[in-house]
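Undergrad: Structure provided below as structure tokens; questions to follow.
Read-outs: derived from the displayed coordinates by stated rules, not from any lab. Computed from a predicted model, the values in this text were never measured in an experiment. Cβ coordinates were reconstructed from backbone atoms using ideal geometry, including for glycine residues, and neighbour counts include every protein chain displayed.
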Amino acid sequence: MCSWKTEESSLAPSKNQSMNSAKLNKIILVASIIVIVAALASLSPKISHALRAARAPKIEGAWQGTLQIQQASLRGVLKIAKTHGDYHAAFDSIDQRLTDIPVSKFVYDYPMVRVELSSLGATYEAKVDSAGRQMSGDWKQRGVNVPLTLERTATPYQMAEPMAESDYQAGSGAQGAWQGTLQAGPMSLRLRFRIGANADGAWRAEMDSVDQGVTALAASSASFDAPTVKVNFNQIGGAFQGDLNADQSQLAGTWTQGGQTFPLKLERPKPEAAPAPESEADYSYASPAELQGHWRGTLAIQTVKLRIVFNIAKKPDATYTATLDSPDQGGGHVPSSSVKFDAPKAHLEWNGIAASYDGELKDGKLDGTFTQGGARIPLALQRDTAQ
């Protein structure tokens with residue numbers, strides 16, 4: 001016997017069926033959420049990077065700080081600019097009087113900054129704070145790892161103006177110009193000091209290391225307590241201390257640097273004919289077989305590439321003089337201690353930086369080897385015809 005009730009019961013969900021359906025819907029809903037989360041997870045690196053970029057503070061401008069390496073204390077300024085969406089930067093070493101040292105690679109992936117200065121063999125990795133006012137990290141150079149914090153500033157460190165002659169005109173005591181030669185092992189370095197007192201009685205000084213191409217290196221402190229003169233150069237961890245003799249013509253003392261002490265005697269310079277200005281140096285040549293001229297090349301030291309310039313001039317007595325420029329290190333005009341040319345062989349020496357070059361002039365090119373610190377590096381140079 002058929003029952004409508006039975007037929008109806010076959011169509012209507014039972015209590016258990018309703019519960020199962022609810023569970024199924026819940027399972028489907030959860031599965032959907034899992035799919036959405038999985039999709040978001042696959043995009044999370046891009047979203048995370050976009051979010052970081054959106055909240056990244058601007059870092060264009062000047063950042064300054066002080067690098068403490070053993071006894072040396074060096075102030076530096078990192079100058080950051082942004083052009084067409086790309087960052088580029090340069091670095092000033094204030095106390096070494098080196099400006100616009102090029103940054104070979106600059107990466108800003110907030111909050112991290114990475115700066116590479118291939119010409120110095122140095123890197124700086126730091127974290128920028130959320131306000132964009134400070135970055136803290138590590139300066140790495142030649143196996144040394146030193147903490148360095150840079151502060152953003154609208155008034156970056158400025159290099160001290162070189163002393164004018166009126167600042168150190170010979171007067172009483174130690175005031176005046178002094179010169180001497182420092183013999184440090186095999187190296188012989190000509191040094192020039194200028195020592196003066198301000199109107200308020202405070203002493204100041206600066207130094208040239210002639211054979212290293214360093215000029216007007218400002219002393220971090222100077223004093224004169226008769227008969228003793230003390231001059232400190234914190235930026236290179238060096239110091240001079242000497243006693244003034246009775247007729248005030250000589251300062252005899254010592255130079256201390258890197259834990260080593262060397263005797264150093266300074267005397268007042270004797271009047272002499274002024275050297276010919278650089279503009280009168282003769283770099284002209286009539287034949288590609290002549291050595292004089294401006295020569296440019298690139299020194300490849302492992303991953304570091306340094307542009308090198310030899311400026312070779314011929315003197316009236318047919319001898320030669322030369323200077324060396326290293327544009328990527330902010331250094332220039334290191335004077336040669338010797339230049340010899342027995343065509344086609346050329347030999348140049350720079351005792352102040354313990355370097356030499358042996359090359360052969362052929363077809364208007366110099367091809368040879370640059371030697372420094374025991375390393376011998378191939379170096380080919382071409383004459384710069386634009387100068």
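Undergrad: If each residue's Cβ is checked for other Cβ atoms within 10 Å, how do Val229, Val146, Val128 rank with the fewest at the top?
TA: Numbers: Val229 25, Val146 13, Val128 22.
By the 10 Å Cβ count, ascending, the order reads Val146, Val128, Val229.
Undergrad: Something else now. For the range 258-371, with only Lys/Arg (+1) and Asp/Glu (-1) charged at the beta-carbon, what is the dipole magnitude about the Cα centre, in debye rounded to 20?
TA: On the way: 12 positive and 15 negative charges, 50 e Å.
Value, rounded to 20: 240 debye.
Undergrad: Now for a different question. Going by C-beta contacts inside 10 Å, put Trp350, Trp178 in order with the fewest on the left.
TA: Ordered from fewest to most neighbouring Cβ atoms within 10 Å, Trp350, Trp178 come out as Trp350, Trp178.
Undergrad: Shape call for the range 304-387 from the C-alpha gyration tensor, a ≥ b ≥ c root eigenvalues: rounded (a/c under 1.5), prolate (a/b greater than b/c) or oblate?
TA: Numbers: a/c = 1.29, a/b = 1.24, b/c = 1.04.
In terms of gyration-tensor shape, rounded.
Undergrad: Just how far, in whole angstrom, is the range 310-354 from the range 147-219 if you go by their alpha carbon centroids?
TA: The two parts, judged by their Cα centres, are 25 Å apart.
Undergrad: Moving on. Does a label point 7 Å from the Cα of Gln260, set along Cα-to-beta-carbon, have any residues of the range 225-245 with amide nitrogen under 12 Å, and which are they?
TA: none
Undergrad: How would Met187, Met135, Met159 line up from fewest to most surrounding beta-carbon atoms within 10 angstrom?
TA: On the way: Met187 13, Met135 24, Met159 17.
By the 10 Å Cβ count, ascending, the order reads Met187, Met159, Met135.
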